[in-house]
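Down below is the structure, laid out as structure tokens.
The values are calculated or read from the model by the stated rules, or taken from the named source; none is laboratory data. Everything quoted here is computed from the prediction, not taken from an experiment. With ideal geometry, Cβ positions are generated from the backbone for all residues, glycine too; neighbour counts draw on all protein chains shown. Protein only, heavy atoms only, side chains kept; ligands, DNA and RNA dropped before computing areas. Shrake-Rupley method; radii C 1.70, N 1.55, O 1.52, S 1.80 Å.
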Amino acid sequence: MWKATGPDGAVAVKAGKGKGAAVTQREAAVLDAMGRPDYLLASGEDEGVAWLVTRWFKGLSTWHAFAPVRCGTDGKAGVLSASVDLCRAVAELHSSGWVHADLQPSHGIHTDHGVRLIDCSWSWRHGLEPTSDFRGGITHLVAPELAASINVGIQPVTPSAAADVYALAGSLWTCSTGRWPLDYAAAGIDPSQLTPAEIRTHIASRRISLDTAAPWPTFQDILRPVLLGRASDRPTAAELSETLTTVAT
């Protein structure tokens, strides 16, 4: 992805060829179907290369917004507000019938006009067939039930709002601790030595405990049941946002 600037502002430009072209084409189709005028500006294909142009959203990613907590400096009130805003953005997406399917720490941009969710290549709604290349988004944040479906070869793998909420909670956990939610080391696992499919097998087993790093226990106590519970017991993104508003700073 590139950032291009001109007299009318900044834009993000994506291009892909081969399998990347199909992914880029799908993201363009998703953004067009979402009907958000401040997202997709142009798209096309030329000589096997697909491309798209979107607005460049000015603001911090959720990962960067959480820097004060990871550094141990004051700023929990602002970070908590950012968390609630991200959850509400996901809730708004879900209420429109869409699932993002690849929520991660860098995919929420906190602008002056609210959170903008980016990288929608795998996003889905009823009527838009999931792509056969979908593998649950970033591996370390894939929900256990989704990991199991992917590894047994169910096609197409259909993302869900519940799986989005798992990834949302996992993203907030990672942003607050600087570490993935699951404690691979305690389980004797080195994820860098495993394939994504092998990591998904461990995630699907639900035998890996949550990481013990706890820079903000009251915040993580809200996320813990979301990450450990069954899909049917997870709150909605809207419910998670409301619960987070009760966290003391």
* To do: Name the lysines eligible as straight-distance cross-link partners of residue 58: C-alpha to C-alpha under 18 Å, and not fewer than 8 places from it in the same chain.
  => 3, 14
* Can you tell me the accessible area per residue over the chain, all protein chains present, probe 1.4 angstrom, in square angstrom? -> 48
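How much length would be gained if the chain were fully extended between residue 4 and residue 207, taking 0.36 nm per residue of separation minus their Cα-Cα distance, in nm to one decimal? Spell out each step's value before the answer.
Working: separation 203, 0.36 × 203 = 73.08 nm, distance 4.55 nm.
Between residue 4 and residue 207, full extension yields an extra 68.5 nm.
Calculate what fraction, in whole %, of the accessible area of the chain sits on carbon and sulfur atoms when a 1.4 Å probe is rolled over the protein chains.
Working: 6390 of 12020 Å².
For the chain, the apolar C and S fraction of the accessible surface comes to 53 percent.
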* Compute the convex hull volume of the Cα atoms of region 43-111, divide it by the residue count, and report the result per residue in Å³ as a whole number. => 121
* Asked: Using a Gaussian network model of the chain with C-alpha springs under 10 Å, which one of 136, 20, 35 is most mobile by mean-square fluctuation?
  -> 35
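Given a 1.4 Å probe and heavy atoms of the protein chains only, how would you sort 239, 145, 129, largest accessible area at the top?
The most accessible residue leads, giving 129, 239, 145.
Can you tally the net charge around residue 12? Count Lys and Arg as +1, Asp and Glu as -1, for every other residue whose Cβ sits under 15 Å from the Cβ of residue 12. Could you put the intermediate results ahead of the total?
Numbers: positive: 3, 14, 36, 55, 58, 116; negative: 8, 27, 38, 119.
Combined, the nearby Lys, Arg, Asp and Glu give +2.
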* In Å, descending, principal axis extents of the Cα set of region 1-147 -> 52, 47, 26
* Taking square-rooted eigenvalues a ≥ b ≥ c of the alpha carbon gyration tensor, is region 159-237 rounded, prolate or oblate, where a/c under 1.5 means rounded and, failing that, a/b exceeding b/c means prolate? -> oblate
